[in-house]
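Engineer: Just dropping this structure here.
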Amino acid sequence: EDNSVMAGAHDLVVDESSPFSAALLSIALSIHSILEGMGIGSAMSVSELQSAFIAVAFHKGFTAFALGNGLIESGYWCKPKRRYFYLSIFSFVFVADLGIAIGWAIASSGSEMATAILTAITAGSFIYAALLEVLPEQTKIAEREHLWVEPLIFFFFTGYALMSLLAVWA
């Protein structure tokens, strides 16, 4: 049985025999959620805010699904552990607000350099996840299924280029 959870930009493995696996998943995705929130909070204009919000809102749905699925696979939906399920989900949701507050505080300090660094960190976390988590895993799947890898790589870079254009125009 395959215990990997596909979450938009994340292939995560949850070990059903270890309750710490689900806790680690919850912590990792909460940190990721803080970074997403920082990206929203650092927006300096309405158009930047709209772009960041749309990107994060779309992505967050997949990430939330991965977290919920991972927690359920680890047995956190069972009656004795259900409170940990809700605790993980609520903390995942509310740490984004913490990230927004951090991003807003840094952006409102007036330092354009700090805002640029914050935006770069947020964007870098997405690029890191895509290049080091998603692409290698998807390439393995394509090779295992005897599919061409070239279209996968082509569409990855095409998507990256289109998102970059969106960022320039927004």
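The values are calculated or read from the model by the stated rules, or taken from the named source; none is laboratory data. The shown structure was predicted, so the numbers you read here are calculated from the model rather than taken from an experiment. With ideal geometry, Cβ positions are generated from the backbone for all residues, glycine too; neighbour counts draw on all protein chains shown. The area values use the complete protein model at the heavy-atom level, side chains included, leaving out ligands, DNA and RNA. Shrake-Rupley method; radii C 1.70, N 1.55, O 1.52, S 1.80 Å.
Engineer: Quick one: is Ser30 closer than 20 Å to Ser91 by Cα and modelled with pLDDT of 85 or more?
Structural biologist: Values: closer than 20 Å to Ser91 by Cα: yes; modelled with pLDDT of 85 or more: yes.
It is true that Ser30 is closer than 20 Å to Ser91 by Cα and modelled with pLDDT of 85 or more.
Engineer: In the range 30-54, which residues are in a helix (DSSP H, G or I) and among the small types (Gly, Ala, Ser)?
Structural biologist: The initial filter retains those residues of the range 30-54 that are in a helix (DSSP H, G or I), namely 30-41, 46-54.
Selection gives Ser30, Ser33, Gly37, Gly39, Gly41, Ser47, Ser51, Ala52.
Engineer: I would also like to ask the following. Cβ-Cβ below 6 Å, separation at least six or inter-chain, first residue in the range 107-126 and free of Cβ contacts under 8 Å to residues at least 40 places away in the same chain and open to solvent by less than 50 Å² (accessible area, probe 1.4 Å), second part of a helix (DSSP H, G or I) and among the β-branched types (Val, Ile, Thr): which pairs?
Structural biologist: The qualifying pairs are Ala114/Ile106.
Engineer: May I ask you to list pairs of residues, at least six apart or on different chains, whose Cβ atoms are under 6 Å apart, with the first in the range 37-61 being within 20 Å of Ala105 (Cβ to Cβ) and the second being modelled with pLDDT of 80 or more and open to solvent by 50 Å² or more (accessible area, probe 1.4 Å)?
Structural biologist: Listed by first residue and then by second, the contacts come to Gly37/Ile100; Met38/Ile102; Ile40/Phe53; Ile40/Ile100; Gly41/Ile100; Gly41/Trp104; Ala43/Leu49.
Engineer: For Ala57, which of the numbered conditions (1) part of a helix (DSSP H, G or I); (2) surrounded by 15 or more Cβ atoms within 10 Å (Cβ to Cβ) fails to hold?
Structural biologist: (2)
Engineer: Being under 16 Å from the mean Cα position of the chain (by Cα) and either outside any loop (DSSP other than H, G, I, E, B) or surrounded by 14 or more Cβ atoms within 10 Å (Cβ to Cβ) (or both): is that true of Ile72 here? Spell out the reasoning first.
Structural biologist: Working: under 16 Å from the mean Cα position of the chain (by Cα): no; either outside any loop (DSSP other than H, G, I, E, B) or surrounded by 14 or more Cβ atoms within 10 Å (Cβ to Cβ) (or both): yes.
Taking the combined requirement at face value, the residue does not satisfy it.
Engineer: Select from the range 127-137 the residues that are open to solvent by less than 100 Å² (accessible area, probe 1.4 Å) and either within 11 Å of the chain's Cα centre (by Cα) or in contact (Cβ under 8 Å) with a residue 60 or more places away in the chain (or both) and list them in ascending order. Give the derivation first.
Structural biologist: Step one: of the range 127-137, the residues open to solvent by less than 100 Å² (accessible area, probe 1.4 Å) are 127, 129-131, 133-137.
Residues satisfying the conditions are Ile127, Ala129, Ala130, Glu133, Val134, Glu137.
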